[in-house]
Amino acid sequence: MTPNILYEDNHLLVINKPAGLLAQADATGDPDVLTVCKRYLKEKYAKPGEVFLGLVHRLDRPATGVMVLARTSKAAARLSEQIRSRSITKTYWVLFANSLDGSGIYEDFLRKHGTKVHVVPPTTKGAQFARLGWKSIQQQNGYTLVEVSLETGRPHQIRVQFSSRGKPVMGDVKYGAKTAFADRSIGLHCREMSFKHPTQDKVITVIAPPPPLWNNMNLAIPT
């Protein structure tokens with residue numbers, strides 16, 4: 001498997017993650033981003049021994065879009081600090097099988113229990129504050145495309161916050177969608193990320209085109 005490279009230099013590797021690919025290896029033994037990208041770098045640059053590649057953030061297995069990886073320990077540390085300080089800008093595109101007008105801000109407290117995340121009262125032990133902003137950018141043929149600005153990066157955050165308001169992400173049967181996509185993906189795509197380059201005085205903005213499956217939604221989705 002060859003990763004879809006969006007940006008690459010001596011310190012960074014940015015890919016458009018396909019649906020179904022794990023962020024890193026787990027007990028299933030299924031393909032994962034780190035293994036695939038390490039193999040790509042090792043073959044491209046004929047590197048001997050183990051290839052360093054730092055995972056600084058995650059993207060849910062059924063989701064698609066921008067993933068930033070660090071090719072050096074310095075880059076990994078500096079990108080991780082940007083994530084902790086919330087100075088990285090992330091924009092997502094989300095598909096819904098119903099209408100959703102206007103814009104808004106969702107604030108909740110979330111807690112993971114088992115393999116699922118739930119909205120819980122703020123006094124719940126282990127609850128984490130979650131906030132996102134959203135705006136509807138297109139509606140047609142019963143589908144809605146929403147742009148989401150993620151302000152906190154909680155596990156399954158977008159999926160849970162919308163589902164708790166009766167708007168499950170398309171294909172996301174885990175959080176309430178009635179129908180799954182044929183490829184087991186969901187209508188969640190990390191469209192854009194902007195961050196300061198870890199070693200240079202410049203801001204990197206990377207945009208990922210949505211997966212081909214989205215063309216079947218009868219929406220005029222930009223590439």
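The values are calculated or read from the model by the stated rules, or taken from the named source; none is laboratory data. It should be emphasised that the depicted structure is a prediction, and the values quoted were computed from it without experimental measurement. Heads up, the Cβs are rebuilt from the backbone with ideal geometry, glycines too, and the neighbour counts pull from every protein chain shown.
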Let me confirm something: among 172, 108, 101, 183, which residue is surrounded by fewer than 18 Cβ atoms within 10 Å (Cβ to Cβ) and within 20 Å of the chain's Cα centre (by Cα)? 183
Identify the single condition in (1) in contact (Cβ under 8 Å) with a residue 60 or more places away in the chain; (2) within 30 Å of residue 179 (Cβ to Cβ) that residue 99 does not satisfy, given that it satisfies every other one. (1)
So residue 139 passes all but one of these: (1) farther than 21 Å from residue 65 by Cα; (2) at pLDDT 95 or above. Which condition number does it fail? (2)
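Let's see how each residue does on (1) among the β-branched types (Val, Ile, Thr); (2) touching a helix residue (DSSP H, G or I) at 6+ places or on another chain (Cβ under 9 Å):
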position	(1), (2)
119	yes, yes
136	no, no
142	no, no
203	yes, no
I'd like the residue in region 44-75 that is touching a residue at least 60 places away in the same chain (Cβ under 8 Å) and of a type in the set (A, V, I, L, M, F, W, C) and, out of all such residues, is surrounded by the fewest Cβ atoms within 10 Å (Cβ to Cβ). 70
The condition of being part of a strand (DSSP E or B), aliphatic (A, V, I, L, M) and within 30 Å of residue 116 (Cβ to Cβ) holds, among 36, 14, only for 14
Output the qualifying pairs, or none if there are none: Cβ atoms under 6 angstrom, residues six or more apart or on different chains, first residue in region 125-136 and of a type in the set (Lys, Arg), second residue at pLDDT 95 or above and assigned to a strand (DSSP E or B). 131/107; 135/103; 135/147
